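Asks: Please find one structure pasted underneath; my questions will follow.
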Amino acid sequence: MQVAVISDIHENFHNLILALNDISQRDVQKILCLGDLMNAGIAKILAAQEIPCYMVWGNNDGEKVDIMNAAYRENSSLEVSLNTYDFVEIENRKIFISHYDNLALPMAESGLYDAIFYGHTHLKKSEMISDTLVVNPGELSAQKTGICTYAVYNTEDNTAEIISLKDCITLKSDLVKSYLDKNKDILNFRSKDSFK
């Protein structure tokens, strides 16, 4: 089975729609969303898809009631976990999903999962830790890196491909980059690497 893994949308409707259009051209049967929608309108778009979507909370999902309302409305394709992490099984693959890298990486070392997906840092990454596939699909928002990415996970061979989308939009202007670079020590962002 092909599973799309998306994260860190940060209310970028344009890039989400680009990703969903791309996903619809692939043989994807499920979407895993790793949080940071920021906007209930994003949840409504996910809920309206033909492909079912399972979501965990991120640190930037403030409209929780409205997001849950989108998930519970009639014919919704969106299901929302109660946590920032969850354990799912798809096609006999044990998968741990979380918004946070500091939850995901220790789980990889446990050896209990075939695959682990996390977001939060906005930095795309795919690696094997022992026999566990560990993937950060990057960001749909293109907010920090300027690149819009998501992953497609193949349960059959336990691999993932990170897809970079064209025609995305970003708020990472020269002004923003200059300001963040000049003030990175004061701002104390966790994911400083994403501002390079």
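Asks: Here is a check on your reading of the model: is Val152 closer than 24 Å to Phe189 by Cα and at pLDDT 95 or above?
Replies: no
Asks: Right, something else. Scan Gly146, Gly138, Gly111 and give me the residue that is under 21 Å from Ile42 (Cβ atoms), surrounded by fewer than 18 Cβ atoms within 10 Å (Cβ to Cβ) and of a type outside the set (D, E, K, R). I'd like the intermediate steps shown before the answer.
Replies: Working: Gly138 fails: surrounded by fewer than 18 Cβ atoms within 10 Å (Cβ to Cβ); Gly111 fails: under 21 Å from Ile42 (Cβ atoms).
None of the others qualify; the one that does is Gly146.
Asks: Can you run down the residue pairs with Cβ atoms below 9 Å, 6 or more apart or on separate chains, where the first is in the stretch 162-173 and under 17 Å from Gln2 (Cβ atoms) and the partner is part of a strand (DSSP E or B) and of a type in the set (Phe, Trp, Tyr)?
Replies: Between residues of the stretch 162-173 that are under 17 Å from Gln2 (Cβ atoms) and residues that are part of a strand (DSSP E or B) and of a type in the set (Phe, Trp, Tyr), the close pairs are Ile162/Tyr150; Ile163/Tyr150; Leu165/Tyr150.
Asks: Could you list all residues from the stretch 157-180 that are acidic (Asp, Glu) and either within 24 Å of Ala19 (Cβ to Cβ) or surrounded by 11 or more Cβ atoms within 10 Å (Cβ to Cβ) (or both)?
Replies: Asp157, Glu161, Asp167
Asks: In the stretch 52-70, how many are surrounded by fewer than 19 Cβ atoms within 10 Å (Cβ to Cβ) and either in contact with a Leu (Cβ under 6 Å, 6 or more places away or on another chain) or assigned to a strand (DSSP E or B) (or both)?
Replies: Total satisfying the criteria: 0.
Asks: Out of Ile163, Ile147, I need the residue that is part of a loop (DSSP other than H, G, I, E, B), within 16 Å of the chain's Cα centre (by Cα) and of a type in the set (A, V, I, L, M, F, W, C). Which one?
Replies: Working: Ile163 fails: part of a loop (DSSP other than H, G, I, E, B).
Going through Ile163, Ile147 in turn, just one is part of a loop (DSSP other than H, G, I, E, B), within 16 Å of the chain's Cα centre (by Cα) and of a type in the set (A, V, I, L, M, F, W, C): Ile147.
Each row is one residue, and each column tells you yes or no for (1) modelled with pLDDT under 95; (2) over 23 Å from Asp27 (Cβ atoms).
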{"position": "Glu74", "(1), (2)": "no, yes"}
{"position": "Phe96", "(1), (2)": "no, yes"}
{"position": "Glu109", "(1), (2)": "yes, yes"}
{"position": "Lys124", "(1), (2)": "no, no"}
{"position": "Glu156", "(1), (2)": "no, no"}
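Asks: Here are some residues: Ile42, Ile17, Ile31. Which one is aliphatic (A, V, I, L, M), part of a helix (DSSP H, G or I) and under 14 Å from Glu79 (Cα atoms)? Spell out how you get there, then give the answer.
Replies: Values: Ile17 fails: under 14 Å from Glu79 (Cα atoms); Ile31 fails: part of a helix (DSSP H, G or I).
Criteria check complete, one pass: Ile42.
The values are calculated or read from the model by the stated rules, or taken from the named source; none is laboratory data. For clarity, every value in this text was computed on a predicted model and none was experimentally measured. In this analysis, Cβ positions are derived from the backbone assuming ideal geometry, glycine residues included, and neighbour counts consider all displayed protein chains.
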